[in-house]
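The values are calculated or read from the model by the stated rules, or taken from the named source; none is laboratory data. Model, not experiment: these values are computed from the prediction. Using ideal geometry, Cβ is built from the backbone for each residue, glycine included, and neighbour counts are taken over all protein chains shown. In case anyone asks, the SASA skips ligands and DNA or RNA and just uses the protein heavy atoms, side chains included. Shrake-Rupley method; radii C 1.70, N 1.55, O 1.52, S 1.80 Å.
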Amino acid sequence: KCRTGPLDIVFVIDSSRSVRPFEFETMRQFMIDIIGSLDVGPNATRVGVIQYSSQVQNIFSLKTFFTRADMEKAINSIIPLAQGTMTGLAIQYAMNVAFTTQEGARPLHKKIPRIAIIVTDGRPQDRVTEVATQARNAGIEIYAVGIQRADMNSLRAMASPPLEEHVFLVESFELIQQFGKQFQDKLCGVDMCVEQQHGCQHSCVSTPGSFHCECNPGYRLNVDGKTCSPIDACADGRHGCQHQCVSARGSYSCRCHAGYYLNQDKRSCTMIDYCSFGNHSCQHECVSIPNGHYCRCRSGFTLQPDSRSCRANDLCNGVDHGCEFKCVSTEGSYRCVCPEGQQLQADGKACSKCGTGHVDLVMVIDGSKSVRPQNFELVKQFVNRIVDLLEVSPHGTRVGLVQYSSRVRTEFPLNKYHSADEIKKAVMEMEYMEKGTMTGLALKHMVEHSFSELEGARPLSHSVPRIGLVFTDGRSQDDISEWARRAKESGIVMFAVGVGKAVEEELRAIASEPVEQHFSYSADFTTMTQLVENFQLNICPEEGKGETEIRSPCECEALVQFQTNTVAILQSLTEKNILWARSLAQMTARLEDLEKQIANKK
């Protein structure tokens, strides 16, 4: 018996018409004798047989039989084809079919030798060189056995190197049985693992004329073909461990980070709930973290230095409560309250307003170059703060907006928007015009167009107050007196707001009587919003005639209070502005005197 390891052997037998019946019998016996010396079985040597002439016939494949008795019976049942000699076709079949894993060949990575034994008695009728080369390159070791009339050149073209070990020529069929015993020794050979110093770290596997090294389970063979390294089962990333994968001799185990424990699935991890131990002493809430816990207070409370107890916050001072009138702190929370006579709205923050009546308000905004883009954004905010004070609706207050520089542009007329949100959105989308300051032209536009019924002003017969608010930051480049006068004569109540280099004389010319109650001034753009903070622009029209609705007493009382507060604030602002202007004039005069004195000394 062979002492080598398992083999995959396929006999390729010539059954052409030149092989006489009694000669074919000797070939049967040759195969049976070779198989008799092999250790056959599914995990040992596997054997297949094909015969060929002008065509190829599979007698049995590598997966068909695993006992010598079954193989011998099948060999004895072969009926020769008795046609041509297409040896190249037979080699092609062996490569493409007989030695495939589907037909029972072991995968190449298992390194089990694939051996083809070709037995022929003549010259091939097709080309064998190219197909034999392909077969050898595919890992098939070819033994070429020629009998009697076989062509030596063809045998050498088919066989694997070294040729002296793979090419055999037998003089007659009568001698093939004797040759079979010699070939058996050649095929089985010696146990190279025993005869040589193989150097394998784990185990040596002998093959005909050679050997190879294999590693124990959990190891892989290194590139030197001899030593072995542990397989890192974690490296392919398919372990499924949530935290850490620990490799161990071809296998692995999962491990969790500190503060976690491994679940029953041996892959996922769960944080240890230190709060569940019941010894945290937290007044409100205990929060588990890896390797410990910490205490947390409920909303509205602050954790004390002992890291366990909690104390209520004054939320009115610590959060943006949004209360319109006043915020009152409670334990862990807060609530909004309203002035006497007003009720808290559904949002819990706003207070009900005494009706502001029907008003048509047109704001005329200076968009000249001197304003500058960053300040123009503050002007937009100023306008929207005023809008926030109004109850905008189609039947209540209507708002229009005009921007001017060297020309005048209606941003939106009185009948364009019907809610404060729509107006504020349009204001923020307004584009800065730049260029000159034609305030007079803007007043003319306001009188002739903005307060026309075409652009949404209600008819004068409805007695709806018309209010014009002019905002400017400098001296007008045209005359304002005529159209300021016409505006007031047409029944428009005019308010004038000046910022920075605005001219007091022009502001007074624009404002309605009493002037002190209808104009205001801010030194710069960043402080002008205080004008809105200090008083609210609530307009209560006089009891009108015609279609004007009768106002509730609440409205008139609110107007009296508003007028009183507004007059006081405006007077205070006016006095401060006059004092500031006088001080500036005195300082300028003194500087001019000093400059003259210095010039005279030179």
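Tabulated data
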{"item": "Where LEU594, LEU7, LEU175 fall by accessible area, highest first, once all protein chains stay in place (1.4 Å)", "result": "LEU594, LEU175, LEU7"}
{"item": "Mean-position separation - Cα centroids, region 426-452 and region 189-265, in angstrom", "result": "85 Å"}
{"item": "Rg and Dmax of region 229-318, Cα atoms only, in Å", "result": "20.6, 69"}
{"item": "Reachable aspartates and glutamates, given that their alpha-carbon falls under 12 Å from the alpha-carbon of LYS111 and they are not under 8 places away in the same chain", "result": "ASP8, GLU214"}
{"item": "Long-range amide H partners of PHE11 with built H, under 5 Å", "result": "GLY48, VAL49, ILE50, ILE117"}
{"item": "Inter-label distance, nm, simple model (7 Å from Cα along the C-beta direction), SER77/ARG296", "result": "7.9 nm"}
{"item": "Ratio of the Cα radius of gyration of region 7-188 to 2.2 N^0.38 Å, where N counts its residues", "result": "0.92"}
{"item": "LEU108 accessible area, 1.4 Å probe, all protein chains in place, Å² to nearest 10", "result": "110 Å²"}
{"item": "Accessible surface of LYS424 - all protein chains present, 1.4 Å probe, nearest 10 Å²", "result": "60 Å²"}
{"item": "Carbon + sulfur, % of accessible area of region 7-188 - ligands and nucleic acids excluded, 1.4 Å", "result": "49 percent"}
{"item": "Region 344-492: relative contact order as a whole-number percent, Cα under 8 Å and 6+ apart", "result": "31 percent"}
{"item": "Accessible surface, region 7-188, averaged per residue in Å² (probe 1.4 Å)", "result": "44 Å²"}
